[in-house]
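Below: the structure, in C-alpha cells.
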C-alpha cells in the first residue's frame, strides 16, 4: 500500500512539473513577443494643437535626362492636332486630362536625351531638362505661336513611368509611380501600403544627384523631423528603405527557430517535459 501511494505521488508530481515547464515556456514566449511599444510605432508623437513647423519650400518634380514624358496638343483644327499627337488617348480621368498608357495602344512618350532635349514633331529639338511639366507646356505653346503652327493651342504634359522605389518593411514594396508635380515621402509610403508593424520608424531616403549619392534619415515619429526634411519632397528615382526592427531581424533566420520564435519555446517545453518524464521513470524503476 505504501509503495502504491508513493507511485501515485510520483505520477502527480511528474504531471505537475510537466505542466509547470509548459507554463513557464509559454510565459517566456508571451513576454518576448509582447506588443510593440507604442513609443516605437506611432507616427507624429510630437503633434499638439499649438505646434508650428517650418517646412521645406514647396518643390516640384523637374524633368531629367532619361525621363519619359507625354505631350498632348489640342488645337481648334483637328488636322493640326494630329501633327503633334503621336498617341491614342485610352482614358480620361477627372477634370484634367490623364492618359492611360497600355502597350502599343498608349502614348508614344518622348524620352529626354543625355543633353536634356526631346525631338518634337514640327518644332524639332526642344531643351526640357530641369523644367517642370507646366514650364514644358508653356515652352511648346510659345513655340507653336511663334512659328505660326497652332495659335491658342492647349498643351498638357504628363509623366510616363516616373517613380520612386520603396523597399523593406512595407506592405507592398516596389516601384511607385509619381502622379503629381509635388510628390512627398508620405505619398510614397501610403502608395506602398504603409509600414508594417515590424518596420523601424526612422527610415532612409537615398537620392542620386549628378555623381553624388545622398542619404537622408527621417524619423516618422517626429513630425518636425518629417516636414522639415530635405527629403520630404521626393525626386524621381529616390529609394526609400524601411529597415526591420531588431526583433524582426533576429527572427529572420533560415528556419525561424531562434529564442524569439514560438517553435523554439515549444521545443524547450517539450524537452523539459521529456527530461522530467525520463527522470521519474528511472526513479520509479529503482
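The values are calculated or read from the model by the stated rules, or taken from the named source; none is laboratory data. Everything numeric here is computed off the predicted structure, so don't read it as measured data. Cβ atoms come from the backbone with ideal geometry, glycine included; neighbour counts cover every protein chain shown.
Out of 140, 189, 205, which single residue is outside any loop (DSSP other than H, G, I, E, B), outside the structural domain of residue 220 (by TED's automatic domain parsing) and out of contact with any helix residue (DSSP H, G or I) (no Cβ under 6 Å at 6 or more places or on another chain)?
Step by step, each of 140, 189, 205 is checked, and only 140 is outside any loop (DSSP other than H, G, I, E, B), outside the structural domain of residue 220 (by TED's automatic domain parsing) and out of contact with any helix residue (DSSP H, G or I) (no Cβ under 6 Å at 6 or more places or on another chain).
Can you pull out the residues in region 173-185 that are closer than 20 Å to residue 223 by Cβ and surrounded by 15 or more Cβ atoms within 10 Å (Cβ to Cβ)?
183, 184, 185
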